[in-house]
Structures are given as structure tokens and as C-alpha cells.
Amino acid sequence: MIKQEIITILPLKLREVICEYTNSFSEDDIEEIRLRCNRPVLLIGGKGETELNTILGEKDLREAMEYISGYSLYAYEEQLKEGFITIRGGHRIGVAGRVVAENEKVKTIKNISSLNIRISHEVLGCSDEIIKYINGNILIISPPRMGKTTLLRDILRNISETEGQSVGIVDERSEIAACYMGIPQNNLGPRCDVLDCCPKTIGMMLLLRSMSPTYIGVDELGTKDDIDSIKQVIKGGAYVAATIHGESIDDLMKKKHLKEIFELKLFDTYIEISKKGLKRSMAIYNKALERVEET
Amino acid sequence: MKLLGIIMICTCSSMLGFMQGERLRQHYDEQIYLKKIVMLIRGEIRYNCGVLSEVFENVSRKVKEPYKDIFSQLSGSLSKGDGETFNDIWNSTVIKKLNGTKLFERDIEGFKELGENMGYLDTQMQLNYIDLYIDRLSGEIEDTKDKLQGSIKLFKALGIMGGLLLTILII
């Protein structure tokens, strides 16, 4: 059965169909729901791709946007410029349509024609097996939809359950903690402080100064500013646990602005997530980029 | 006996006049309170940037009954995701229940229009629209205030005079 918080953002026309169809499914079977204007609805998950008979129109997508934004599109103005909206529960909704740009910057997206609902899954204990190989600054590397945020969340929970540790999370897109009105909805352990919806670079400094964390967790590093902030955090005496988009360590090394990560040996543990067939696998590397473990 | 009757008629009609005057005063107070509520909504949107269910939940904590109950219910209905439009929810929770307040029909109509333009605009447009409503409401409050003293006096006088007239007619 699909999660109730996902059902409530779907257009009325689709709710019953999807409930009926996913009745025999477990919550984790569906990873994405793709809604496209005048095209069949697609369900994507561990069992592959399923096409539903329901065709949605422009009006249905507009209706879905009303529910997704909680009738408050204005509140997601900034997120919409990035092309996605994160809703309660940490689910991310990708948006495509007609882009209104000004001075080469996205002002908004209108006439929405596609929605990609990426369902967030909290997998408690998914890092239990590898936690003993992890130390110091941690970087999780994987392509999209491999579960790097899920793994980061569980690593941070494991750290937060250790006496004497204090974890600070800068949750720019509300995907790690899935805060609702500032309160984390996901299990992050007892020693965790969350800055929700805060830009990474600002948030890391803010946490470092105000909450004295032993670990700071951030999702999706990417820009040079992110790397500079990481350097400052490490200089400031805290450890960092972060994720980054990439196929592998070799892939990241090819990117000019990310090369620095390896040249300066910023991280002590690297975790590569990849997919072999339908199965995910993890490879753990140490600071010297030697493989320590593979699961 | 006659004297008692005269006193009774005059007292009742005067009371009616006073009550009508008091109703106008209460309407004026209610309009000012409504303006305060809209300013709270504006502040929540401007500074907290929350979704409307959060906005109305926060507002409900800061206002008195019946508004407390009205906005709490509105927030609950918006969070449910039952598939209703914002307009339907606004009309069935807020507008329907405002009829039980001291507001006049035209005030409620104005508030209904505010609901028709909530939610789907960008923040600046949303705030501009609320500002426009506040300006309009302020104008109406000024109008009510201007007429208030005169109207109260008029109703009181009408009450007393009406009572006397009725007495004369009966005698």
C-alpha cells in the first residue's frame, strides 16, 4: 500500500486507481510516481516500471500542484526555482513545465506538464553492517536513486546514538530529517539538531558556532562554495558526513572543482553505492582510497 | 396602571434604541478585530513563509473565540487533503461561521473574496492582495467610525421618541 501522505497529493482521479493497484505492494516497492500531461501514469520501483491506464490532463496536474503545495504555492516559490518541491515526509516532487527566466535565472515554472514524485524511504539499520568501517569525515558517492540520502540518514542516526557524540544536520531540502514545522519526522537518534530548509554553506557555519556538533551532516555537495564550507568545518574541529552525486571516486576526480576533495584528502571514509542488476552494493574506501570492505 | 404602561413602553423602546446603537459599536470593534486577524495572517506569510495550514494554525493560537475555532478548523481541513478546493474549504469553515459574529454581510463578502485569492500567487502578489484587502477594510472601518457616534445618538433618540409616540398614540 502506498503511503497516505503520497495519496493526499495525487489528483482525485488517480487516488482510487493507485490505491487499488498498489494494494498488494509493500510501502518500499514504489520509488517514483511519474505524472505527465496527456500521458499514462508510471509507477517505478524495485519491481520495474508499471504503466497505469489513467491519463492525466493539465487540469489534473494543476490540482496535484494545489495539494502538493498545501494550497500555498507562494510558500514554495524559492524551491520551485530549483525545479522541485519537498513535502511533508521528505518526499521530493520534481517539476517540469514552462520556465520563466529573467537575467539567466529561473524566476518560476508555470504551465506544469510533468511531476516526478520521488518517495522517500526511511530504512532504519541500513548502515548497521558498515558502521564499524566508518571513521572521521565521511563521503557517500552514488548516482541518483541509489539511496545515498537514506544511508546518510542512518549513519547519522547511528552516530547520534553513541554517547558523547552530537550531530548537527543542515537539511537544505528537508530530505534527511523530513521536518514538519521544524520537528524531525524521521528517526535521527537522541543527539541530533536539525537546521531545516537552510542553505548548506550558511547552515554548517551556523551549527558549528551555535551547537558544537561532533558531526555535521549535509546532503548533495556540488558547488565550490560547498567544498570551501566543508574545509572550514573540518578546520573548526567537527567531522562532516556528506553525500555527492557521482558514478564513482574516479568520476568525481575528473571534475575540476571536486578534485580538491581528493587532493586535500578532506575525507577519511568514502562509500560508493552502485547497482548490479537489481541489487545495490556498497564499497568502502579509506583516506588513501584503498578498498576496506564491500557489501 | 396607565403610568406603569407608559413607563414600560418608553423603557422598552429606549432599550431597543440603545441595543441597536450597541450593535453598531460591536460591529465596529469586530471590524477592527478582523483587521488585526488579517494583519496576523499577513505577518505569518511575510515572515514565517509557511504554508496556509501552518499560517492559520499559528493565527488560531493568537486570536479569541470564535475565530480561534474557525482558523483551527480551517488549518485541520487544509492538512487533511480530502481533495476539496481551497475555496470550498474557506467557504465551509470560515465564511459559514462568520455569520455568527457581529460582522455585516458586506464584511463577510469582502472576506470571502480574500479567500478566493489565497494560495496560488507568489509571495509578493499574495502580500499585495492582502494589503489591498487591508486598505479596503480600513476604509470601511473609517466609514463605520465616522457614522458611529451619529448613528448611536440617532438610534437612542429614535428609541425614546418612538416610545413616546407610541404612548401618545395609545392614549
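Taken together, the values in this text are just the output of simple stated rules run on the coordinates, not laboratory data. All figures in this text were calculated on a predicted structure; none of them were measured in a lab. Please note: Cβ atoms are built from the backbone with ideal geometry, for glycine as well, and neighbour counts cover all protein chains shown.
Could you tell me which residue of region B:111-121 is farthest from B:ILE70 (Cα to Cα), considering only residues that are surrounded by fewer than 17 Cβ atoms within 10 Å (Cβ to Cβ) and at the interface with chain A (Cβ under 10 Å from one of its Cβ atoms)? Residue satisfying both the conditions and the ranking: B:LEU121. Is it the case that some residue within region B:10-32 is free of Cβ contacts under 8 Å to residues at least 40 places away in the same chain and among the hydroxyl-bearing types (Ser, Thr, Tyr)? No: zero hits.
Rundown of residues vs (1) more than 30 Å from A:SER248 (Cβ to Cβ); (2) surrounded by fewer than 18 Cβ atoms within 10 Å (Cβ to Cβ), yes/no style:
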residue: A:GLU129; (1), (2): no, yes
residue: A:GLY136; (1), (2): no, yes
residue: A:ARG209; (1), (2): yes, yes
residue: A:GLY217; (1), (2): no, no
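Here B:ILE45 clears all of (1) within 14 Å of chain A (Cβ to nearest Cβ); (2) in contact with an Asp or Glu (Cβ under 9 Å, 6 or more places away or on another chain) except the condition numbered (2). Among the conditions (1) in a loop (DSSP other than H, G, I, E, B); (2) surrounded by fewer than 16 Cβ atoms within 10 Å (Cβ to Cβ), A:MET146 misses just one, which is (2).
Each residue in region B:63-88 was checked for being under 15 Å from the mean Cα position of the chain (by Cα) and hydroxyl-bearing (Ser, Thr, Tyr), and 1 pass. Residues in region A:225-244 that are under 13 Å from A:LEU156 (Cβ atoms) and out of contact with any Leu (no Cβ under 7 Å at 6 or more places or on another chain): A:TYR239, A:VAL240.
Applying the selection to region A:3-40, what residues are free of Cβ contacts under 8 Å to residues at least 40 places away in the same chain, surrounded by 14 or more Cβ atoms within 10 Å (Cβ to Cβ) and among the polar types (S, T, N, Q)? Within region A:3-40, just A:THR22 meets the criteria. All told, B:GLY100 falls short of being on the phi > 0 side of the Ramachandran plot and in contact (Cβ under 8 Å) with a residue 24 or more places away in the chain. In summary, B:THR93 fulfils each of the numbered conditions (1) touching a Ser or Thr at 6+ places or on another chain (Cβ under 8 Å); (2) of a type in the set (Ser, Thr, Tyr); (3) touching a residue at least 24 places away in the same chain (Cβ under 8 Å); (4) within 14 Å of chain A (Cβ to nearest Cβ) with the single exception of condition (3). Residues of region A:17-74 that are touching a Leu at 6+ places or on another chain (Cβ under 8 Å) and among the small types (Gly, Ala, Ser): A:GLY46, A:ALA64, A:GLY70, A:SER72. Residues that are assigned to a loop (DSSP other than H, G, I, E, B) and charged (D, E, K, R) within region A:165-195 comprise A:GLU172, A:ARG173, A:GLU175, A:ARG191, listed in sequence order.
Of the residues making up region B:48-60, those that are within 12 Å of chain A (Cβ to nearest Cβ) and either touching a Leu at 6+ places or on another chain (Cβ under 7 Å) or charged (D, E, K, R) (or both) are B:LEU52, B:SER53, B:GLU54, B:PHE56, B:GLU57.
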